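A quick write-up on the structure given underneath.
The values are calculated or read from the model by the stated rules, or taken from the named source; none is laboratory data. Being a predicted model, the structure only gives us computed values, none of them experimental. Methodologically, a virtual Cβ is constructed for each residue, glycine included, from the backbone with ideal geometry; neighbour enumeration extends over all protein chains shown. Only protein heavy atoms, including side chains, enter the accessible area calculation; ligands, DNA and RNA are left aside. Shrake-Rupley method; radii C 1.70, N 1.55, O 1.52, S 1.80 Å.
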Amino acid sequence: MDSQDSLAITQGARALLASGKARIQACDFTQALQDLSLALEQDPSLADARVMRAQVMENRDLKFALREYSALIESDPSRTEAYLARAALLRAQGDMVGAMADYQTLETMVRLAPAAAPLRLRVARERAAMYEAMGFHHGAAAEYELLAEHEVPLRAEHRRNMLRNQSRQHWKAGRFQEAADGFGRLVHEAREARREFNPFDLLWRHLSLARIDSAQADFELLKTRPPADVPHAVRTNRSGADSAWNPMGPPCPVSRWPMPVFDLMCGRITPGEFEALARPALAASDLWHPPAQGATAGLPEYRPPALHLWRAEVAFYLGQWHMLNGYKYMSLHCMEVAAADTRARTFESQAAAAELARLGTTP
């Protein structure tokens with residue numbers, strides 16, 4: 001084959017690549033796959049076509065996508081995006097050992113090329129999620145600590161989220177002093193900056209301290225809890241923005257959440273009154289179920305009602321009250337209810353599962 005024929009083949013392959021990319025953007029995946037496959041037949045070295053084909057096949061044929069990424073890595077071991085994609089797919093099929101091997105390879109690349117520091121943060125984010133799924137809370141906490149340290153000059157809110165995630169991992173691992181210190185740091189920094197603090201940070205500091213020194217925990221809660229007549233930050237809908245959702249409005253129709261939790265922990269209301277406050281919002285939430293994975297549903301169908309509480313939230317905090325007051329049987333029952341409500345993947349559901357594992361009970 002002379003150079004002119006080779007040039008024509010290359011140009012034809014690149015035209016097919018451009019066509020495949022345009023069809024992907026138009027969501028015409030079937031035709032896009034045909035264009036990309038033809039491009040690779042004409043020019044097997046066209047790595048971009050192989051990357052695109054693997055991305056399209058991720059939701060169609062997991063094994064095929066894995067083979068594509070492996071072929072990319074074999075042909076060019078420096079392709080970091082191929083390692084990241086393959087690690088994510090390995091995690092999806094439960095091969096944590098294989099995923100960890102790819103993450104270790106990426107860490108080696110970072111050590112050899114200091115300019116690749118952003119890649120280390122990407123690895124930390126993904127590995128933190130993997131550690132959480134594995135229940136390795138110490139490892140997840142370490143990854144979140146790294147992320148928090150390197151996000152300081154970039155995004156303050158993201159840094160706070162990483163500190164919060166780190167503290168949550170400490171709590172799930174049973175390292176209550178470290179968890180209390182982390183949540184306390186978030187509350188202190190907010191007050192120093194005269195910024196509204198997240199009331200959940202104060203609540204989780206109390207729940208952490210209560211496992212170490214109940215007297216100190218009760219004293220701090222009574223001293224620092226948000227007054228009932230003062231507005232405070234309320235978490236937004238965990239499942240995405242919704243035009244019907246007011247970020248500063250109450251997820252509970254009766255009282256701003258989590259104010260009922262503070263009142264329960266302070267002894268201002270009884271467990272029965274606490275459940276009564278949450279009941280209207282629970283009734284709305286219980287009617288909502290996410291569509292089956294892979295269903296062709298619009299984004300609004302994945303959102304719960306605007307005024308809602310997850311049963312995991314109510315049951316978990318009720319279970320904590322029972323545990324701190326010595327009612328172990330009722331606490332276990334509440335934790336089982338909270339761990340079973342995994343619809344929105346709330347932290348309360350995950351924390352309940354960790355609590356049951358700590359107590360030697362299968363979630």
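For the stretch 165-177, indicate whether the set of residues that are at positive phi and either crowded, with 21+ Cβ neighbours inside 10 Å or at pLDDT 80 or above (or both) is non-empty.
yes
Here's a check for you: in the stretch 332-347, which residue that is assigned to a helix (DSSP H, G or I) and surrounded by fewer than 23 Cβ atoms within 10 Å (Cβ to Cβ) is nearest to the chain's Cα centre (by Cα)?
PHE347
Residues in the stretch 221-240: is at least one open to solvent by less than 10 Å² (accessible area, probe 1.4 Å), at pLDDT 75 or above and of a type outside the set (Gly, Ala, Ser)?
Scanning the stretch 221-240, I find at least one residue that is open to solvent by less than 10 Å² (accessible area, probe 1.4 Å), at pLDDT 75 or above and of a type outside the set (Gly, Ala, Ser), so the answer is yes.
Please work out which one of (1) without any contact (Cβ under 8 Å) to a residue 40 or more places away in the chain; (2) within 30 Å of ALA148 (Cβ to Cβ) is the condition ARG53 fails and give its number.
(2)
Could you please find all residues in the stretch 190-200 being without any contact (Cβ under 8 Å) to a residue 12 or more places away in the chain, open to solvent by less than 80 Å² (accessible area, probe 1.4 Å) and part of a helix (DSSP H, G or I)?
ALA190
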